[in-house]
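Asker: I have a structure I would like to understand better, so I am pasting it below and will then ask my questions one at a time.
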Amino acid sequence: MNKSSDGERSIGIGVNRFTIFGLVTFILVLIATYMSLVVAPLEAVQGVHQKIFYIHVPLAFIAYASITVVLIASIAFLTTKNPKWDRLARISAEIGILSTTIVLFSGSLWGRPVWGAWWSWSDARLVTTLVMWLIYMGYLMLRSLGGSNNQTAKVSSIIGILGFINVPITYFSVYLWTYLHPLPTLQSSTERPESSILMPFLWSFLAYSAVIILIGIVRIKIEKSSDELETLKKQNQIG
Amino acid sequence: MSNRIPRIDQQVFRLFYRELLIEFRAKEQLTTMVIFALTTIIIFQFSFEMRTGNVKVLVPGVLWISVFFASMLSLNRSFSRDQEENASRGIVSAPIDPLSIYISKVLTTTVFLCALEVILVPIINVLLNSPILYIDLIPVLLVGNIGVSATGAIVAVTVANTKSRETLLPVILLPLLLPVLLGCITATGAIIDGQPINKYVHWVHIVAIYDIIFTFASGLMFHFAIEN
Amino acid sequence: MILCKNLSKEYDGIPAVNGANIKIQKGELVALLGNNGAGKTTLLNMLAGIVKPSSGSIHFDSPALPGPEIPTNRARIGLVSEHSFLTPELTIKENLSFYASLFYRSRGQYDIASVMDEYGLTSRQNQKISTLSRGWKQRTSIARAMLGQPEYILLDEPENGIDQTTRGILGQSLFSETAHRSLVFATHNIDLAIDWCSKAIVLDNGNLIHEINNLSNESKTTIMQALDSK
């Protein structure tokens with residue numbers, strides 16, 4: 001049962017590709033933090049609070065990328081029935097809800113000193129992100145409360161696809177709504193990044209993507225072993 | 001042989017006819033939907049009258065929340081009923097296209113929601129003392145009902161075999177229906193406020209587009225959901 | 001003719017049916033035997049198109065043609081299982097009319113009254129299914145299965161609800177047009193199987209362990225041995 005490939009032999013013991021990747025990720029996070037906090041210029045209006053942008057935006061990209069991966073994996077699973085796609089979808093969704101939660105929290109933390117409020121219904125992206133969080137939540141609940149594995153995988157794929165289609169429509173609807181019903185003006189959250197902001201941003205993006213991928217790899221390995229164990233258990237019960 | 005079996009439109013209608021017949025016999029779904037909606041209205045009246053003194057502003061929200069929850073009552077009942085005596089399996093084993101099952105469910109739920117609104121809208125008019133009987137409301141109600149039914153039908157069948165399907169249905173359905181609810185509530189509010197049609201017609205278009213996209217996507221995927 | 005090629009179905013990695021290769025000729029009456037959990041119901045459900053195989057395939061008429069995946073082929077099957085497939089809130093007549101409407105394009109192509117007559121249901125036609133006993137539900141379910149004039153009749157352990165009269169009616173219906181109707185009869189009742197069928201297939205834990213052509217009373221010992229030894 002024990003397949004030995006470099007990464008699977010152990011997690012954290014000895015020097016293999018996985019540990020090197022982990023180390024590199026750690027260094028990237030250090031660089032990114034340094035760049036964001038120290039090197040990046042202090043923004044004129046918002047001051048130090050603006051620096052949360054360096055976490056908020058990369059993670060927003062990751063959150064939206066995750067739901068795209070869920071879409072692709074769902075379609076792939078429905079067409080090929082290969083369980084590895086289902087596993088990918090599941091893990092993407094977990095990563096998705098993690099990153100979306102961070103986005104929402106960091107958005108709130110950013111908003112409070114800048115807008116004077118913890119939340120703003122007039123920011124279409126924030127509202128859409130909240131809706132996306134709810135979609136992830138429903139998706140994960142469906143998975144955990146699902147019946148047999150194959151059936152759960154199929155229905156989760158369907159919800160994953162519908163969830164993805166929903167996001168742009170929701171964004172458009174909310175954007176149109178806020179556009180037509182302007183609430184008291186709040187700080188605009190779109191800024192064109194200058195180069196001095198761009199560099200720390202890119203580092204942060206790279207660093208947090210690496211962190212997320214790391215988490216993803218660990219999860220995949222755990223899930224794979226867990227799935228294999230489940231299958232073996234069941235086979236032993238009836239043998 | 002393929003001349004013998006019913007065409008898709010015939011399949012849809014015959015499945016739909018069965019649902020109507022059951023409802024006519026049991027009188028269960030429509031009654032519970034109406035009672036549920038009425039209770040919602042009363043709760044809204046009491047909880048908000050004190051705070052705003054003007055419950056009329058809440059009418060669009062009250063209407064569409066009632067529709068949303070009523071749709072789930074209807075869908076839950078419809079699917080769980082089909083599991084008695086395994087009637088759903090019997091239908092699947094017949095020479096019909098799974099797509100017909102989906103369309104008939106959407107059609108049934110839409111019709112039930114329309115029936116609910118025929119009763120509910122005048123009641124809101126009276127109980128909340130708020131004029132709402134506008135003919136312009138009809139297209140809004142229609143596209144909204146179709147949207148709720150189209151997404152509701154596929155989500156209901158996907159959760160049908162899970163452990164807590166009654167809890168899962170609203171949790172998954174609500175975020176997916178956000179564009180529909182947002183659009184319909186806004187349009188309803190605009191109509192009640194007497195705004196000109198060009199101020200809200202785009203919402204009807206958006207919800208209609210949602211309806212088309214989601215019905216199409218759900219129709220494509222439905223057979224995966226009922227496969228065993 | 002129905003041909004099953006390497007037909008398998010697994011639930012969560014546990015095989016219910018494992019690589020079954022079965023051929024059912026036109027007009028053949030086949031008994032499907034096996035202990036509980038052997039996979040008889042799963043096999044019948046796959047033949048009826050209710051359950052999709054995990055691997056392998058089913059073909060009607062020729063190895064190159066599809067099986068119950070396509071609606072036209074499902075029109076040729078009549079399945080009777082432990083569930084009646086009936087709608088409790090509706091009457092016998094309404095249930096039969098509904099199912100007939102799913103099998104035929106126009107009203108003129110079927111005659112509910114004569115089917116109800118054949119199965120002795122006419123006097124109870126306006127009774128709701130929820131008020132019927134198991135026996136009458138089963139009888140209605142059999143009538144429902146026969147509505148489409150199926151070439152392939154699949155019976156899944158119907159003995160629970162079948163009384164002598166129903167058995168007689170069913171037997172008549174089966175044998176009146178044997179040249180055209182095939183039967184796959186899953187049962188625990190070996191005597192009835194030998195009575196009706198000319199061929200027997202024995203399943204165990206999803207595997208086809210025995211196939212007996214020319215079924216006769218002598219075969220009974222072989223069958224009992226096959227079932228007991230596991």
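Values quoted throughout were computed directly from the atomic coordinates according to the rules given, and no laboratory measurement underlies them. All values reported here derive from a predicted model rather than from experimental measurement. Cβ: placed from backbone, ideal geometry, glycine included. Neighbour counts: every protein chain shown.
Asker: For region A:36-164, how big is Rg over Rh, using alpha carbon atoms and the Kirkwood form of Rh? Walk me through the numbers before you get to the answer.
Answerer: Details: Rg = 17.4 Å, Rh = 15.8 Å.
With Rg and the Kirkwood Rh in hand, the quotient comes to 1.10.
Asker: Here's another thing I want to ask about it. When DSSP beta bridges are limited to those with both residues in the protein assembly as shown, what percentage is antiparallel, rounded to the nearest 5? The partial results should precede the final answer.
Answerer: On the way: 20 of 38 bridges.
Approximately 55 percent, going by the DSSP bridge assignments.
Asker: Over region C:86-149, what is the relative contact order in percent, taking alpha-carbon pairs closer than 8 angstrom and at least six residues apart? Walk me through the intermediate numbers first.
Answerer: On the way: 58 pairs, mean separation 31.7, N = 64.
Normalised by residue count, the contact order of region C:86-149 is 50 percent.
Asker: May I pose another question? Assuming a viscosity of 1.567 mPa s and a temperature of 4 °C, what translational diffusion coefficient in µm² per second does Stokes-Einstein assign to the protein assembly as shown, Rh being the Kirkwood radius over Cα pairs?
Answerer: Diffusion coefficient, whole number: 45 µm²/s.
Asker: Sticking with this one: Using alpha-carbon positions, what is the distance between the centroids of region B:124-187 and region C:196-230, in Å?
Answerer: Cα centroid to Cα centroid, the span is 56 Å.
Asker: Given chain C reduced to its alpha-carbon atoms as identical point scatterers, what log10 I(q)/I(0) does the Debye formula return at q = 0.09, 0.12, 0.18 Å⁻¹?
Answerer: For the requested q values the scattering log ratios are -0.37, -0.66, -1.39.
Asker: I'd like to know which of C:L154, C:N214, C:Y119 lies farthest towards the positive end of the charge dipole of region C:112-217, counting +1 on Cβ of Lys and Arg and -1 on Cβ of Asp and Glu.
Answerer: Final value for the positive-end residue is C:Y119.
Asker: Give the distance, in whole Å, between the Cα centre of region B:73-93 and the Cα centre of region A:18-35.
Answerer: After rounding, the separation between the Cα centres reads 54 Å.
Asker: Would you mind ranking B:M72, A:M132, A:M35 by Cβ crowding within 10 Å, fewest neighbours first? Don't skip to the answer; put the middle values down first.
Answerer: On the way: B:M72 21, A:M132 27, A:M35 18.
Exposure proxy ranking, most exposed first: A:M35, B:M72, A:M132.
Asker: Need the list of lysines near A:K221 for cross-linking: C-alpha distance under 17 angstrom, and skip anything on the same chain fewer than eight residues off.
Answerer: Partners within reach: A:K3, A:K84.
Asker: Moving on to the next point. Answer with one residue from C:Y110, C:I129, C:I142: the one whose Cα lies farthest towards the positive end of the charge dipole of region C:86-149, charges on Cβ with Lys, Arg +1 and Asp, Glu -1.
Answerer: C:I129
Asker: Here's another thing I want to ask about it. Can you compute the charge dipole magnitude of region B:8-226 about its Cα centre, using +1 on each Lys and Arg Cβ and -1 on each Asp and Glu Cβ, nothing else charged? Give it in debye, rounded to the nearest 20. Don't skip to the end; give the middle numbers.
Answerer: Numbers: 13 positive and 14 negative charges, 49 e Å.
So the magnitude is around 240 debye.
Asker: If we restrict to alpha carbons, what Rg and Dmax does region C:86-149 come to, in Å?
Answerer: Here Rg and the maximum Cα pair distance are 10.7, 32 Å.
Asker: Still on this structure, please answer the following. Using alpha-carbon pairs under 8 Å, 6+ residues apart, how would you state the relative contact order of chain C in percent?
Answerer: Working: 428 pairs, mean separation 65.7, N = 230.
Normalised by residue count, the contact order of chain C is 29 percent.
Asker: Find the centroid of the Cα atoms in region C:17-75 and in region C:77-147, then give the distance between the two in whole Å.
Answerer: 24
Asker: Below 8 Å, C-alpha to C-alpha, sequence gap of six or more: please give me the relative contact order for region B:8-226 in percent. Mind showing how you got there, number by number?
Answerer: Values: 217 pairs, mean separation 55.6, N = 219.
Across region B:8-226, relative contact order equals 25 percent.
Asker: Take every Cα-Cα distance within chain B, group them into 5 Å bins from 0 onward, and report for each bin the whole-number percent of pairs it holds.
Answerer: Pair shares across the bins are 1, 7, 14, 18, 19, 16, 11, 7, 4, 2, 1, 0, 0, 0.
Asker: Would you order B:I119, A:I159 from fewest to most other beta-carbon atoms within 10 Å of each residue's own beta-carbon? Don't jump to the answer; show the numbers that get you there.
Answerer: On the way: B:I119 13, A:I159 26.
Exposure proxy ranking, most exposed first: B:I119, A:I159.
Asker: What does the charge count near B:S74 come to, summing +1 for each Lys or Arg and -1 for each Asp or Glu among other residues with Cβ under 11 Å from its Cβ? Walk me through the numbers on the way to the answer.
Answerer: Working: positive: B:R77, B:R81, B:K105; negative: B:E19, B:E23, B:E28.
Around B:S74, the surrounding residues sum to 0.
Asker: Taking the dipole about the Cα centre of chain B, with the C-beta of Lys and Arg at +1 and of Asp and Glu at -1, give me whichever of B:Q29, B:Y210, B:I197 is farthest to the positive side.
Answerer: Looking along the dipole axis, the top candidate is B:Q29.
Asker: Here is a follow-up. Given the -39500 (n - 2.57) contribution per DSSP H run of 4+ residues, what per-residue ellipticity at 222 nm results for chain B, rounded to the nearest 500 deg cm²/dmol? Walk me through the numbers before you get to the answer.
Answerer: Details: 8 runs with 182 residues, N = 228.
Calculated from helices alone, the mean residue ellipticity at 222 nm is -28000 deg cm²/dmol.
Asker: Return the average number of partner chain Cβ atoms within 10 angstrom of each residue Cβ along peptide C:86-97.
Answerer: 4
Asker: With a 10 Å radius around each residue's Cβ, average the other Cβ atoms per peptide and rank B:90-101, B:167-178, A:16-27, A:76-87, highest first.
Answerer: Details: B:90-101: 22.7, B:167-178: 20.8, A:16-27: 14.4, A:76-87: 16.4.
Listed from highest to lowest mean packing, they are B:90-101, B:167-178, A:76-87, A:16-27.
Asker: Let me ask you something else. Check the straight Cα-Cα distances from C:K93 and name the lysines below 28 Å, setting aside those fewer than 8 residues away within the same chain.
Answerer: Counting by Cα, and skipping residues close in sequence, C:K93 has these lysines nearby: B:K27, B:K105, C:K128, C:K137.
Asker: Can you give me the distance in nm between label points at C:T72 and A:I27, each placed 7 Å from the Cα along the Cα-to-Cβ direction?
Answerer: It works out to 6.7 nm between the two label points.
Asker: Can you compute the charge dipole magnitude of region C:77-228 about its Cα centre, using +1 on each Lys and Arg Cβ and -1 on each Asp and Glu Cβ, nothing else charged? Give it in debye, rounded to the nearest 20.
Answerer: Working: 13 positive and 18 negative charges, 135 e Å.
Taking the Cα centre of region C:77-228 as origin, the dipole is about 640 debye.
Asker: Here is a follow-up. For C:K23, which lysines qualify as cross-link partners when the Cα separation must be under 30 Å and same-chain residues fewer than eight apart are set aside?
Answerer: Counting by Cα, and skipping residues close in sequence, C:K23 has these lysines nearby: A:K81, C:K5, C:K9, C:K40, C:K52, C:K199, C:K220, C:K230.
Asker: State to the nearest 20 debye the size of the charge dipole of the protein assembly as shown about its Cα centre, where the only charges are +1 on K and R beta carbons and -1 on D and E beta carbons.
Answerer: The dipole magnitude comes to about 400 debye.
Asker: Among A:L176, A:L30, rank each residue by its count of other Cβ atoms within 10 Å, from fewest to most, as a rough exposure measure. Don't skip to the answer; put the middle values down first.
Answerer: On the way: A:L176 17, A:L30 12.
Going from sparsest to densest Cβ surroundings: A:L30, A:L176.
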